[in-house]
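Presented below is the structure to which this report refers.
The values are calculated or read from the model by the stated rules, or taken from the named source; none is laboratory data. Since we're looking at a predicted model, the values are computed, not measured. Heads up, the Cβs are rebuilt from the backbone with ideal geometry, glycines too, and the neighbour counts pull from every protein chain shown. Only protein heavy atoms, including side chains, enter the accessible area calculation; ligands, DNA and RNA are left aside. Shrake-Rupley method; radii C 1.70, N 1.55, O 1.52, S 1.80 Å.
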Amino acid sequence: AGKTKGGDFVVVGEAFGKVRRLEGLAPEEENVIKEGSPSTKTPSTKKKPSPTKKAAGKTKGGSLATLKEATPSSPCRVVAGFHFAGDVGAIAAGDTLYACKDEKVAKKVATAKYRHRHAVESAEVERQIRLREAVAAEVAEKEAAMARLEKRKPNAPMLLKKKQPPPSSAQKKKEDASSSSQGAQPQEVVPVPVVVKVSSDGEVDAARMALAAIPTDRVKVDVVGDIGVGDVGRGDVDVAATFKTPIFAWNVRLASGGDAREAARRADVDVRRHSVIYHLMDDIKRHAASLLPPTTKTEVVGKATVLQIFDLSNGDRILGCRVTDGTLRKDHGIKVSRQDNVLYADVHGAKTLKRFKDDVQEVTKGLECGIGLHAADKAKNLKEGDVLEAFKVIEVPPEL
């Protein structure tokens, strides 16, 4: 509280200096006294020396008016020379100016502010070092896990075995005992590294509890390093780029200055901002589910009855069929069964599909056609009256 006058000392950031004069500005100017009254004798702290130029603004009456003191809510321009406690960078709009009674107090305040800022920056540097160490420790584990997931055998034509009769009670008991002794094979859990940022320490515990509620039977969500507090910085972007993961931000934004935004653009890192924790967790679940291999199911789209079988001189076997339901397409998988016993199946579909002598892509209900098989040597036991089914394989997106 109090007034700011010429000759006072003022403090901004980690710099302090002596007020030379106060100049009145138009009401629309942003330099407004919020509390107290800085005078031309009060020291000032700012982050960097500012050249003493005549203010460009004007009062309602015309040119700038030199004031003896500035009171709360009065717009003014403080003209002062500054001293610095360290490498504090440029003075920015929005910096707070403090008026002090003498140079000793101003210097003490500036030094305290510099030490506080230096401690905060040192803590951030240490956090970034810990994050990078965590990256180095987990990258190998992630790459090994992803390599195991990619070792999947390519699809190939398959010949389904004839349906076996149900086992006897003695055989069933033997199989149950064998399975119970060996135990069920554990399902491989996919590691999902994520970068999470929140706005305050109080939100860290809430985010941890929400992450703990994500099902862990198929995925393991690992927060790289730890849940960070504060705006998304350049270091967070670098970590996310290393792990190829988005940054999930709760009530925070990209740090000012543009470095983090430009780094995210170059590294193609998606920063997903949310204001509600439930939306944040749903987004993390969707991301984790997208890393799981999709499940597949078969859907029957057409049926036909085998009317006649033709064996050609080149070894091909042609099934003369009539479509009884749905549609047969050349690229649909086919299987032939007799009394619910599957005799032949091929996920790659028919080798040829003809109507009379014309090659066609599909045949609809009620029409007859000739179907050539890829593996004719494995279809020797087929005969007239067998039922042919056309099916397609559908990928089902995984869910948690």
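Restricting to the stretch 232-260, and then to whatever is assigned to a loop (DSSP other than H, G, I, E, B) and polar (S, T, N, Q), can you tell me which residue is most open to solvent (accessible area, probe 1.4 Å)?
Residue satisfying both the conditions and the ranking: Ser256.
Output the residue which, of all residues in the stretch 200-231 that are among the charged types (D, E, K, R) and touching a Pro at 6+ places or on another chain (Cβ under 6 Å), is surrounded by the most Cβ atoms within 10 Å (Cβ to Cβ).
So, considering only residues that are among the charged types (D, E, K, R) and touching a Pro at 6+ places or on another chain (Cβ under 6 Å), the one surrounded by the most Cβ atoms within 10 Å (Cβ to Cβ) is Asp222.
For His279, only one of the following conditions fails: (1) under 16 Å from the mean Cα position of the chain (by Cα); (2) in a strand (DSSP E or B). What is its number?
(2)
Quick one: which residue in Glu362, Glu384, Glu389 is touching a residue at least 24 places away in the same chain (Cβ under 8 Å) and farther than 18 Å from Lys330 by Cα?
It is Glu384.
List every residue pair whose Cβ atoms lie under 9 Å apart, where the two residues are 6 or more positions apart in sequence or sit on different chains, the first residue falls within the stretch 242-259 and is at negative phi, and the second residue, located anywhere, is open to solvent by less than 80 Å² (accessible area, probe 1.4 Å) and among the polar types (S, T, N, Q).
Ala249/Ser199; Trp250/Ser199; Val252/Ser199
Looking at the stretch 238-251 only, could you name the residues that are among the hydrophobic types (A, V, I, L, M, F, W, C) and modelled with pLDDT under 90?
So in the stretch 238-251, the residues among the hydrophobic types (A, V, I, L, M, F, W, C) come out as 239-241, 243, 247-250.
Within the stretch 238-251, Val239, Ala240, Ala241, Phe243 meet the criteria.
Looking at Leu319, Leu382, Leu292, which is the one that is outside any helix (DSSP H, G or I) and closer than 30 Å to Arg273 by Cβ? Talk me through it step by step, then tell me what you get.
Numbers: Leu319 fails: closer than 30 Å to Arg273 by Cβ; Leu382 fails: closer than 30 Å to Arg273 by Cβ.
On inspection, the qualifying residue turns out to be Leu292.
Test each condition in (1) open to solvent by less than 10 Å² (accessible area, probe 1.4 Å); (2) within 37 Å of the chain's Cα centre (by Cα) for Cys321 and report the one that comes out false.
All conditions are met except number (2).
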